[in-house]
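Working notes, beginning with the structure itself.
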Amino acid sequence: MAESSAQTLSGMTDQDISDAYIYLLGRLLITRQQQIDFDQEGLQWNSLLHREPGQVDWPNPNLDVAYSEAWIALDEHSFLLVSVPEIRGRYYVVEFLDGWGETVANLNERVYPAHPQGLFAICLAGSNLEIPAGAQRVEVPSKVMRVLLRVELGADWDEAIALQHRFTFEMQGSPALPEIPRTVMFDMEELPGVEAFDSAELALQVPDASLLDQLQANVRGIAAAVRDSAQRKHVDSVVRARAFKDFAEAAPYIGRGTIRNGWARPACCGHWGKDWLTRSTVNFGGIWANVFEEVLYYRGALDSDGAPLEAEGSYTLTFPPDALPETFAKYFWSVIAVDRGHRRVLPNSLNRYLLNKESGVVKSPDGSLTLYFAPEKPLDAPDANWLPTGAGKPWSLTFRFYGPRGGVVDGSYYPPELIKRV
């Protein structure tokens, strides 16, 4: 039966089916989150929702920033007017992403040094619209976008939150509001099987900037074929035996990335080109990631012996005096521990979920910096240098460098090895 099914799938191999599934999954992770946003999180079209620090609930949250969120719908006759306050000495960005997780615009002083604050008019590319005098026109290719505003919390959270609330959105015109794509819903630890392809036509209504025509054709071909019960059974078996395995093998490398010192660095981020594999793994493990120019993410899941971090293990991470984390970040660095299932921070009695420059970490007498990751505080660890882990869950670390510099930019740098303590 499997052989005849494969033949009627236009000669597609099991690998073709696996690739099509993982490609489609990258989009379904976006539509899954969109449904959660509207159904459970209170988002509404074209309205900026300011979150309290730590309030967001998605994989690998940035807990060192205040978030605001929105879903935007534009057309040729409307534009979004964004007001950005003056911010000095503090990281911020307003990121616009398309329906596949591609970053299509960033608003800040790095991208617009001649217009770092004031009004920005977000317009559909090619539209002929009259915008307010003095506003910076920003053309985007997508009618529907997810927006994330990030403002560094820093040492003064009250000031950060006040600045966060001074960003405003105002839609000019009355665009038609799209229907929420009701694609298959699933738990992050139990991915859909063949039923993913039941949502294919709905998912593919949003254009993919990567122009991966053959993959899209394969997805549509499979979606049509699985209406037949025999072919449906065949595709489901391939997804579960091959695609799940391929995706699991790609996840530690963040797609087509590289592992060094036990840390994975993605090959690309935010701007994906044709790298659908990396895009899907990032959408799974850290949705709404930004481009390398803004921040670079490393994931630490292996110790110095190449073994996975143990749920109740104790580890140290030591940066030498001439290569401290701040050396590689223009703005700031941070590290969080997340469970490997849902990528959420680990509950602990201290409610301590990250270490960063505001944590008051203590350097050693020789100028080096050692961070500690363990269920209980090691006796020799300064309290500020300890991030609680464990909680009975397998976990990994996410290290962020905001405003990457030096070896983080050119790819030559990886954080030091994690050393298991006995």
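Within the stretch 194-207, is even one residue loosely packed, with under 13 Cβ neighbours inside 10 Å, farther than 24 Å from F96 by Cα, touching a residue at least 24 places away in the same chain (Cβ under 8 Å) and touching a helix residue (DSSP H, G or I) at 6+ places or on another chain (Cβ under 9 Å)? No, that holds for no residue. When I287, I259 are screened for being at pLDDT 95 or above and of a type in the set (A, V, I, L, M), only I259 passes. Assess whether F120 counts as being without any contact (Cβ under 8 Å) to a residue 40 or more places away in the chain and within 25 Å of the chain's Cα centre (by Cα). Considered against the rule, which asks whether it is without any contact (Cβ under 8 Å) to a residue 40 or more places away in the chain and within 25 Å of the chain's Cα centre (by Cα), F120 comes out as yes. Checked against (1) within 24 Å of P308 (Cβ to Cβ); (2) in contact with a helix residue (DSSP H, G or I) (Cβ under 6 Å, 6 or more places away or on another chain); (3) not acidic (D, E), G367 meets all criteria but (1).
Scanning the stretch 217-232 for residues being in contact (Cβ under 8 Å) with a residue 60 or more places away in the chain and surrounded by 15 or more Cβ atoms within 10 Å (Cβ to Cβ) gives a total of 6. Inside the stretch 277-304, residues that are over 20 Å from S396 (Cα atoms) and open to solvent by 30 Å² or more (accessible area, probe 1.4 Å) make up a count of 2. For the stretch 355-374, filtered to residues that are of a type outside the set (A, V, I, L, M, F, W, C) and surrounded by fewer than 16 Cβ atoms within 10 Å (Cβ to Cβ), the residue that is nearest to the chain's Cα centre (by Cα) is G360. The numbered conditions (1) more than 22 Å from the chain's Cα centre (by Cα); (2) of a type outside the set (G, A, S); (3) buried (at least 21 other Cβ atoms within 10 Å of the Cβ) are all true for Y91 except (1). Considered as a group, the residues in the stretch 233-266 that are in contact with a Pro (Cβ under 8 Å, 6 or more places away or on another chain), open to solvent by 10 Å² or more (accessible area, probe 1.4 Å) and aliphatic (A, V, I, L, M) include one that is farthest from A301 (Cα to Cα), and that residue is I254.
Only residues that are crowded, with 20+ Cβ neighbours inside 10 Å and out of contact with any helix residue (DSSP H, G or I) (no Cβ under 8 Å at 6 or more places or on another chain) were counted in the stretch 52-63, giving 2. In the stretch 41-57, the residues that are under 13 Å from S68 (Cβ atoms) and modelled with pLDDT of 90 or more form Cβ pairs under 6 Å with partners that are of a type in the set (S, T, Y) and open to solvent by less than 50 Å² (accessible area, probe 1.4 Å), at six or more places apart or across chains, as follows: L48/S68; H50/S68; R51/Y67. Of all the criteria given as (1) in contact with a Pro (Cβ under 6 Å, 6 or more places away or on another chain); (2) at positive phi; (3) not aliphatic (A, V, I, L, M), the one not satisfied by G360 is (1).
Rundown of residues vs (1) open to solvent by 10 Å² or more (accessible area, probe 1.4 Å); (2) assigned to a loop (DSSP other than H, G, I, E, B); (3) at pLDDT below 95, yes/no style:
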{"residue": "A121", "(1), (2), (3)": "no, no, no"}
{"residue": "E130", "(1), (2), (3)": "yes, yes, no"}
{"residue": "V138", "(1), (2), (3)": "no, no, no"}
{"residue": "S142", "(1), (2), (3)": "yes, yes, no"}
{"residue": "R146", "(1), (2), (3)": "no, no, no"}
{"residue": "D158", "(1), (2), (3)": "yes, no, no"}
{"residue": "I161", "(1), (2), (3)": "yes, no, no"}
{"residue": "E170", "(1), (2), (3)": "yes, no, no"}
{"residue": "T183", "(1), (2), (3)": "no, yes, no"}
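All told, G154 falls short of being surrounded by 14 or more Cβ atoms within 10 Å (Cβ to Cβ), under 21 Å from L277 (Cα atoms) and of a type outside the set (S, T, N, Q). Being at pLDDT below 95, under 25 Å from R88 (Cα atoms), of a type outside the set (D, E) and crowded, with 17+ Cβ neighbours inside 10 Å is a condition met by at least one residue of the stretch 338-354. Scanning the stretch 397-419 finds no residues that are more than 30 Å from N108 (Cα to Cα), open to solvent by less than 20 Å² (accessible area, probe 1.4 Å) and of a type in the set (F, W, Y). Every test in (1) loosely packed, with under 15 Cβ neighbours inside 10 Å; (2) at pLDDT 95 or above is passed by G392 save one, and that test is (2).
The values are calculated or read from the model by the stated rules, or taken from the named source; none is laboratory data. In this text the structure is predicted, and so the values were computed from the model without any measurement. With ideal geometry, Cβ positions are generated from the backbone for all residues, glycine too; neighbour counts draw on all protein chains shown. All accessible areas refer to the heavy atoms of the entire protein, side chains included, with ligands and DNA or RNA removed. Shrake-Rupley method; radii C 1.70, N 1.55, O 1.52, S 1.80 Å.
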